Amino acid sequence: DAGVIQSPRHEVTEMGQEVTLRCKPISGHDYLFWYRQTMMRGLELLIYFNNNVPIDDSGMPEDRFSAKMPNASFSTLKIQPSEPRDSAVYFCASSSLPGTQAYEQYFGPGTRLTVT
Amino acid sequence: QKEVEQNSGPLSVPEGAIASLNCTYSDRGSQSFFWYRQYSGKSPELIMSIYSNGDKEDGRFTAQLNKASQYVSLLIRDSQPSDSATYLCAVRVGGATNKLIFGTGTLLAVQP
């Protein structure tokens with residue numbers, strides 16, 4: 001089975017530009033998570049969805065960040081306008097409802113974002 | 001604030017030895033615990049999950065959970081150079097949530 005798919009894998013953009021990161025969760029998974037990882041702050045949860053509905057967005061750093069999940073197989077994380085401090089690796093992860101693999105989250109390969 | 005604490009390392013062990021990685025957490029209501037392995041430049045990879053007190057073994061890996069002490073550990077037997085990576089401990093916080101809190105990770109270096 002295909003794992004979590006993210007695109008692009010690398011993104012270099014200039015300050016002030018809009019950036020859109022994309023994620024396709026594992027088929028059948030009901031939860032989708034967006035994380036950001038930096039050396040200074042480690043792995044931080046930004047937002048997560050259950051059945052396409054945002055459940056907890058308390059980790060979204062500010063209004064420049066927004067996330068959507070229009071259907072069960074696609075989510076976007078948008079930064080507008082981008083700033084150099086947004087440079088990080090952004091991961092998407094998915095998991096299924098409680099069961100034999102309760103709450104196990106599986107990560108995509110990540111998008112390495114560099115804002116100059 | 002709910003926290004997950006790990007020693008950042010590096011933890012250096014010789015090839016063939018047992019590597020012991022430790023993690024403590026602050027939320028007594030936590031019910032689910034996970035260990036992820038992350039190679040440099042790669043994404044976190046789930047290697048173990050544990051939900052009940054005691055030990056859980058999977059190949060060369062053993063996860064140990066002690067809820068009374070709020071402590072979870074990972075033992076890697078017969079350590080190999082390919083085990084060299086950062087190991088992240090993750091805890092699902094208590095209540096009706098699917099949110100994981102991650103530790104900052106322990107860097108393991110297995111010396112050939």
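Here are some notes:
- Residue within the stretch B:71-87 that is closer than 18 Å to residue A:45 by Cα and either of a type outside the set (D, E, K, R) or open to solvent by 30 Å² or more (accessible area, probe 1.4 Å) (or both) present: yes
- Tabulated pairs, the stretch A:1-27, first more than 19 Å from residue B:43 (Cα to Cα) and acidic (Asp, Glu), second modelled with pLDDT of 95 or more and in a strand (DSSP E or B), C-beta under 9 angstrom, 6+ apart or interchain: A:14/A:115; A:18/A:78; A:18/A:79
Residue-by-condition table, conditions (1) aliphatic (A, V, I, L, M); (2) within 11 Å of another protein chain (Cβ to nearest Cβ); (3) over 30 Å from residue A:112 (Cα atoms):
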{"residue": "B:25", "(1), (2), (3)": "no, no, no"}
{"residue": "B:32", "(1), (2), (3)": "no, yes, no"}
{"residue": "B:38", "(1), (2), (3)": "no, yes, no"}
{"residue": "B:41", "(1), (2), (3)": "no, yes, no"}
{"residue": "B:46", "(1), (2), (3)": "yes, yes, no"}
{"residue": "B:54", "(1), (2), (3)": "no, no, yes"}
{"residue": "B:59", "(1), (2), (3)": "no, no, yes"}
{"residue": "B:62", "(1), (2), (3)": "no, no, yes"}
{"residue": "B:75", "(1), (2), (3)": "yes, no, yes"}
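- Within the stretch A:22-55, the set of residues being of a type in the set (Ser, Thr, Tyr) and more than 10 Å from chain B (Cβ to nearest Cβ) comprises A:27, A:38.
- Boolean, residue B:12 is outside any loop (DSSP other than H, G, I, E, B) and surrounded by fewer than 20 Cβ atoms within 10 Å (Cβ to Cβ): yes
- Residue check, residue B:30 part of a loop (DSSP other than H, G, I, E, B), closer than 21 Å to residue A:42 by Cα and open to solvent by 50 Å² or more (accessible area, probe 1.4 Å): no
- Every pair of residues 6+ apart whose Cβ atoms lie under 6 Å, when the first sits in the stretch B:93-110 and is free of Cβ contacts under 8 Å to residues at least 40 places away in the same chain and at the interface with another protein chain (Cβ under 10 Å from one of its Cβ atoms) while the second is in a loop (DSSP other than H, G, I, E, B) and open to solvent by 10 Å² or more (accessible area, probe 1.4 Å): B:98/A:103; B:99/B:93
- Residues that are over 28 Å from residue A:89 (Cβ atoms), of a type in the set (Val, Ile, Thr), touching a strand residue (DSSP E or B) at 6+ places or on another chain (Cβ under 6 Å) and crowded, with 16+ Cβ neighbours inside 10 Å do occur in the stretch B:52-69, at least one of them.
- Test result for residue B:73, under 22 Å from residue B:26 (Cα atoms) and assigned to a strand (DSSP E or B): yes
- Of note, residue B:68 satisfies the criterion of being in a loop (DSSP other than H, G, I, E, B) and either free of Cβ contacts under 8 Å to residues at least 40 places away in the same chain or within 10 Å of chain A (Cβ to nearest Cβ) (or both).
- Scanning the stretch A:74-101 for residues that are farther than 30 Å from residue A:40 by Cβ and modelled with pLDDT under 95 returns A:96, A:97, A:98, A:99, A:100, A:101.
- The criterion of at least 2 residues that are more than 22 Å from residue B:96 (Cα to Cα) is met by the following strands (runs of 3 or more DSSP E) wholly inside the stretch A:32-116: A:65-71, A:74-79, A:88-95, A:111-115.
- Hits in the stretch A:9-42 - residues which are surrounded by 12 or more Cβ atoms within 10 Å (Cβ to Cβ) and closer than 12 Å to residue A:76 by Cβ: A:19, A:20, A:21, A:22, A:23, A:24, A:32, A:34
The values are calculated or read from the model by the stated rules, or taken from the named source; none is laboratory data. In this text, all values refer to a predicted model and were calculated from it rather than measured experimentally. Reconstructed Cβ throughout: ideal geometry from the backbone, glycine too, with neighbour counts over all protein chains shown. Ligands, DNA and RNA are stripped out before the accessible areas are found, and what is left, the full protein with its side chains, is counted by its heavy atoms. Shrake-Rupley method; radii C 1.70, N 1.55, O 1.52, S 1.80 Å.
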